[in-house]
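*Asks:* Please find one structure pasted underneath; my questions will follow.
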Amino acid sequence: MSEQSAKLSFEGKTFDLPVRVGTENERVLDITALRSSSGLISLDEGYGNTGSCQSRITYIDGERGVLRYRGYPIEELVEHSTFTETAYLLIFGELPTESQLSEFRGRLTEHQFLHENMRHHFEGFPPNAPPMAILSAMINTAGCFQPDLVQPSDDEHFLETVARLMSKVRTIAAASYKTSIGQAIMYPRFDLGYGSNLLHMMFSRPNRSWEVDAEIARALDQIFILHADHEQNCSTSTVRMVASSQANLYASVAAGVCALWGPLHGGANAAVIDMLSQIHERGGRVDSFIEKVKNKEEGVRLMGFGHRVYKNFDPRAKFIKQSCKAVLDKLGVHDPLLDIAMKMEDVALNDPYFVERKLYPNVDFYSGIIMRAIGIPVNMFTVMFAIGRIPGWIANWREVRMNPQGRIYRPRQIYAGPTSRAYIPIERRGGS
Ligand code: CMC
């Protein structure tokens with residue numbers, strides 16, 4: 001990063017602040033030394049204007065709708081790559097050679113089983129436990145079964161623990177689904193790819209194996225690629241925050257799962273289906289729902305719309321919309337929710353409320369319709385997002401831990417509570 005500087009004048013003094021420039025010419029005011037030189041700190045609730053780190057992993061240009069992993073455009077990766085290869089790229093920084101990829105695949109296959117004792121943990125959850133809760137808890141549980149690996153000490157160690165985590169997350173996800181519907185947990189197969197194996201473990205039964213359709217498996221693989229990383233979003237920032245305290249990889253990723261769960265983040269894919277289903281049940285009246293959103297009635301938002309960074313279009317949403325139509329055609333499914341979604345998109349994109357605020361469909365707007373058509377239940381949608389996001393979380397965890405200048409993440413605040421006051425004994429506190 002090359003350096004220029006900006007000047008800040010305050011109370012008759014001038015302070016020089018370095019301006020750093022990223023490899024894509026993004027200019028950043030470096031305020032690291034601002035407090036020690038001027039006594040001032042910055043305030044930016046929601047971090048909308050704060051660069052929390054320097055990262056070499058993912059680049060987004062929200063104004064132009066650009067998304068690149070390690071320099072490679074998302075459009076090229078989704079067309080030519082696989083989730084396993086993209087995961088390797090994100091985590092290790094370069095596309096793998098044939099032998100590196102085959103070794104990585106081999107490790108993913110080798111480590112797909114859970115320790116048999118982990119089955120008892122699944123039995124301890126109540127029948128309707130949310131799969132995101134199970135996923136987070138069981139990632140930490142999986143870490144307990146390999147304590148020597150959760151804090152990898154060298155490259156070989158790291159490769160091994162990455163393969164274990166990525167592979168087991170898929171097995172845990174399927175097992176959490178099976179547990180939630182009271183069916184037998186299925187073992188993974190050695191002859192299936194990453195996404196196909198997940199579908200097999202979710203939909204096969206001991207007495208009936210589920211035929212994995214190659215086109216559907218590819219569509220799921222592409223969904224995973226599109227979700228694999230997205231720079232400093234809420235869950236990735238959470239993973240980095242936890243990693244900065246030197247917490248282990250499994251604990252950091254489990255925290256990421258919890259952050260992803262919320263409806264403003266990964267939980268939006270399930271919230272979109274809930275929203276579309278409600279509109280459908282009430283006669284498909286899109287216009288009246290849009291009016292409700294615009295009037296901000298009861299805080300209703302158009303779920304699957306808007307993004308903190310994308311102010312033009314979300315390149316992931318473009319692809320997912322196409323894929324949605326292709327998957328539904330392939331499966332011969334006609335989903336009235338797709339019709340409602342397309343109508344809503346059309347109405348919103350021509351309405352000044354959404355146009356002025358630069359609100360476009362995001363990755364979650366159509367992904368749920370694809371997953372629903374495949375037969376994935378709504379409460380598993382965000383788990384699917386989490387499986388896709390694992391490589392990004394791992395890559396960010398590693399970046400934090402490999403940073404020789406790294407410090408614990410510890411933001412400051414502006415205190416707005418009461419000033420100092422004397423303790424009041426309970427008998428003198430009054431009240432009714
Ligand atoms: N529907 C209606 N109004 C919206 C929406 C929406 N989906 N999103 C933003 N707005 C309005 C908001 O009310 C505000 O209006 P005003 O200026 O009148 O107060 C303005 O647009 C700016 O909104 P904001 O809340 O300051 O924007 P943000 O950058 O803090 O929030 C967001 C980004 C994604 C949380 C938000 O757009 C949202 O809630 N979207 C719906 C949930 C969703 O789809 N989330 C998935 C995000 S993409 C995948 C992921 O990262 O997980």
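The values are calculated or read from the model by the stated rules, or taken from the named source; none is laboratory data. Model, not experiment: these values are computed from the prediction. All Cβ positions, even for glycine, are placed from backbone atoms using ideal geometry, and neighbour counts span all protein chains on display. Calculation scope for accessible area: heavy atoms of the full protein, side chains included, ligands and nucleic acids excluded. Shrake-Rupley method; radii C 1.70, N 1.55, O 1.52, S 1.80 Å.
*Asks:* Which is within 16 Å of the ligand (Cβ to nearest atom) and either over 27 Å from GLU79 (Cβ atoms) or assigned to a helix (DSSP H, G or I) (or both), of ILE216, ILE223?
*Replies:* ILE223
*Asks:* Quick test for you: out of ARG372, ARG429, pick the one residue that is at pLDDT below 95, closer than 21 Å to LEU276 by Cβ and open to solvent by 40 Å² or more (accessible area, probe 1.4 Å).
*Replies:* Step by step, each of ARG372, ARG429 is checked, and only ARG372 is at pLDDT below 95, closer than 21 Å to LEU276 by Cβ and open to solvent by 40 Å² or more (accessible area, probe 1.4 Å).
*Asks:* Those residues that are of a type in the set (A, V, I, L, M) and open to solvent by 100 Å² or more (accessible area, probe 1.4 Å), I need them from the stretch 395-415; list them, please.
*Replies:* Correct list: MET402, ILE408, ILE414.
*Asks:* Exactly one of (1) among the aromatic types (Phe, Trp, Tyr); (2) touching a residue at least 24 places away in the same chain (Cβ under 8 Å); (3) open to solvent by 10 Å² or more (accessible area, probe 1.4 Å) is unmet by TYR250. Its number?
*Replies:* For TYR250, the exception is condition (3).
*Asks:* Tally the residues that are of a type in the set (D, E, K, R), open to solvent by 30 Å² or more (accessible area, probe 1.4 Å), assigned to a loop (DSSP other than H, G, I, E, B) and over 17 Å from VAL286 (Cα atoms), restricting the search to the stretch 297-352.
*Replies:* So the count comes out to 2.
*Asks:* Let me spell it out: the conditions are (1) within 16 Å of the ligand (Cβ to nearest atom); (2) in a helix (DSSP H, G or I); (3) modelled with pLDDT of 95 or more, and PHE289 meets all of them except one. Which number is the exception?
*Replies:* Here PHE289 meets the rest and fails (3).
*Asks:* If I ask for residues that are hydroxyl-bearing (Ser, Thr, Tyr) and within 16 Å of the ligand (Cβ to nearest atom), which ones from the stretch 297-350 would you list?
*Replies:* Once the filter is applied, which keeps residues that are hydroxyl-bearing (Ser, Thr, Tyr) and within 16 Å of the ligand (Cβ to nearest atom), the stretch 297-350 yields only TYR310.
*Asks:* Across the stretch 1-59, what is the total count of residues that are outside any strand (DSSP E or B) and open to solvent by less than 100 Å² (accessible area, probe 1.4 Å)?
*Replies:* Number of matching residues: 22.
*Asks:* Go through (1) in a loop (DSSP other than H, G, I, E, B); (2) surrounded by 20 or more Cβ atoms within 10 Å (Cβ to Cβ); (3) more than 12 Å from the ligand (Cβ to nearest atom) for GLY283 and report which single condition fails.
*Replies:* Evaluating GLY283 over (1) in a loop (DSSP other than H, G, I, E, B); (2) surrounded by 20 or more Cβ atoms within 10 Å (Cβ to Cβ); (3) more than 12 Å from the ligand (Cβ to nearest atom) leaves (2) as the failure.
*Asks:* Count, please, the residues in the stretch 166-202 that happen to be within 19 Å of VAL257 (Cα to Cα) and open to solvent by 40 Å² or more (accessible area, probe 1.4 Å).
*Replies:* 0
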